[in-house]
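Student: Would you mind keeping the following structure in view while I ask a few things?
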Amino acid sequence: MAIAFRYKSVKRPDGSFVKAPLVPVTFIGKESFDTFALIDSGADISAMPRETAEILGLNIKGEVSTAYGIGGKVNSIQTITTPIATGISSTSI
């Protein structure tokens with residue numbers, strides 16, 4: 001199934017703008033909210049900031065491991081999947 005979407009302009013911390021593949025999503029958890037998700041077609045996992053996981057009520061007390069990417073490495077905690085909804089369909093990440 002092919003999904004088409006437009007790239008959106010995103011302001012970087014240095015003040016410059018870059019086009020990024022973002023799609024609107026609704027995270028559904030303890031609290032639900034709308035935001036944008038970055039599409040990374042080469043990623044093996046999906047990730048979110050700790051603050052987002054806390055708002056959704058996800059269990060973030062799991063074992064800390066290291067996730068690696070093109071930009072380097074970060075500490076990560078594997079957690080349960082959380083339902084999300086896009087304008088296209090609903091799924092879990």
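Student: Return only the number of the condition from (1) in contact (Cβ under 8 Å) with a residue 12 or more places away in the chain; (2) exposed (fewer than 12 other Cβ atoms within 10 Å of the Cβ); (3) touching a Gly at 6+ places or on another chain (Cβ under 9 Å) that residue 70 does not satisfy.
Tutor: (1)
Student: Suppose we filter region 35-48 for residues that are of a type outside the set (Gly, Ala, Ser), within 8 Å of the chain's Cα centre (by Cα) and under 19 Å from residue 77 (Cα atoms); how many remain?
Tutor: Residues in region 35-48 being of a type outside the set (Gly, Ala, Ser), within 8 Å of the chain's Cα centre (by Cα) and under 19 Å from residue 77 (Cα atoms): 1 in total.
Student: Of everything in region 21-38, what is part of a strand (DSSP E or B) and either out of contact with any strand residue (DSSP E or B) (no Cβ under 7 Å at 6 or more places or on another chain) or over 16 Å from residue 51 (Cα atoms) (or both)? Give them in sequence order. So that I can check it myself, show each step before the final result.
Tutor: Here is the first cut: in region 21-38, the residues part of a strand (DSSP E or B) are 22-27, 33-38.
Listed by number, the residues that qualify are 22, 23, 24, 25, 38.
Student: Show the residue pairs that are 6+ apart or on different chains and have beta-carbon atoms under 9 Å apart, the first residue being within region 28-56 and free of Cβ contacts under 8 Å to residues at least 40 places away in the same chain and more than 19 Å from residue 8 (Cα to Cα), the second being aromatic (Phe, Trp, Tyr) and surrounded by fewer than 13 Cβ atoms within 10 Å (Cβ to Cβ).
Tutor: 52/33; 55/33; 56/33
Read-outs: derived from the displayed coordinates by stated rules, not from any lab. Since the structure is predicted, the reported quantities are computational estimates derived from the model, not experimental observations. Here Cβ is always computed from backbone atoms with ideal geometry, including for glycine, and neighbour counts include all displayed protein chains.
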